[in-house]
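Asker: Quick one: the structure is below, questions incoming.
The values are calculated or read from the model by the stated rules, or taken from the named source; none is laboratory data. For clarity, every value in this text was computed on a predicted model and none was experimentally measured. Using ideal geometry, Cβ is built from the backbone for each residue, glycine included, and neighbour counts are taken over all protein chains shown. Just the protein is used for accessible areas: all its heavy atoms, side chains included, with ligands, DNA and RNA removed. Shrake-Rupley method; radii C 1.70, N 1.55, O 1.52, S 1.80 Å.
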Amino acid sequence: MQEIIIQDSKTITHKAMSMFLALAKQAIDKRGVFSVALSGGSTPESLYRALCYDAIQAQIDWQKVHLFWGDERNVPASDPDSNYRMVNEALMKYIAIPAENVHRVPTEMTVTEAAIAYEKDLRLFFPGDWPRFDLVLLGMGEDGHTASLFPHSEGLADEKRWFIANFAPKRDVWRLTLTKNAINAARHVLVLVKGAHKAPMLTKVLRGDFNPIEKPIQSINPVDGQLTWLLDEDVASLLPPELIA
Ligand code: 6PG
């Protein structure tokens, strides 16, 4: 199931927040826990900051929330590039979430060891063949990447693992990321896309010439779940009308 929601640039963060709250409440009511894989990037960061407001915090029982990372940079947790650090600065240091509910990628290890260790952590939390997150938050890069699944990266071909070390050829860096199959096992995937600069790639992605090697976000299609594209007007207004009808 796929849907596209368009919000003006001033309310897209509020919309993302209300979706996060609704999914958290639904999961906690049904199963007593809400598992979410967080994304890096400036767009998701605005959501984390919004979740800090007292009124919002009061609506979430953080004791029943488990935070994971959909991807991480191969840097220490204290590094300015760390997604863990970004979430900590934007959200975690303001909420009463138990330490055991925060599943940080152990980037103090080598990138290969960290991927293996994190997959073990995921398998301890999620029974079954794939990790069934209640929500996976994603952004989209101008090159069509999502999480740390980059164009022409070897990780795009991985069909077995849940979490991998993935080399980004054009960036010449190692990253850590959920695989496409792990993301597609989620109950809900929410892709946040803001800004006119994303329109050319988003047009190619939605137009449908399926080429996930060039446009990795095209490999995101939940097997038994909902995919929501949450777009701001700046990007949506530049898309061909038939793509968002
Ligand atoms: C990361 C993210 C990455 C991000 C996109 C979009 O670690 O950088 O996981 O996939 O979501 O690059 O980032 P912006 O929202 O900042 O454009």
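Asker: Using beta carbons and a limit of 6 Å, which pairs, at least six apart or on different chains, have the first residue in the range 4-30 and farther than 23 Å from residue 221 by Cα and the second one basic (Lys, Arg) and assigned to a helix (DSSP H, G or I)?
Answerer: 28/64
Asker: Taking the condition of a type in the set (Val, Ile, Thr), within 15 Å of the ligand (Cβ to nearest atom) and open to solvent by less than 20 Å² (accessible area, probe 1.4 Å), does residue 87 pass? Walk me through it before giving the result.
Answerer: Numbers: of a type in the set (Val, Ile, Thr): yes; within 15 Å of the ligand (Cβ to nearest atom): yes; open to solvent by less than 20 Å² (accessible area, probe 1.4 Å): yes.
Yes, satisfied.
Asker: Go through 223, 193 for me and flag whichever is among the hydrophobic types (A, V, I, L, M, F, W, C) and open to solvent by 30 Å² or more (accessible area, probe 1.4 Å).
Answerer: On inspection, the qualifying residue turns out to be 223.
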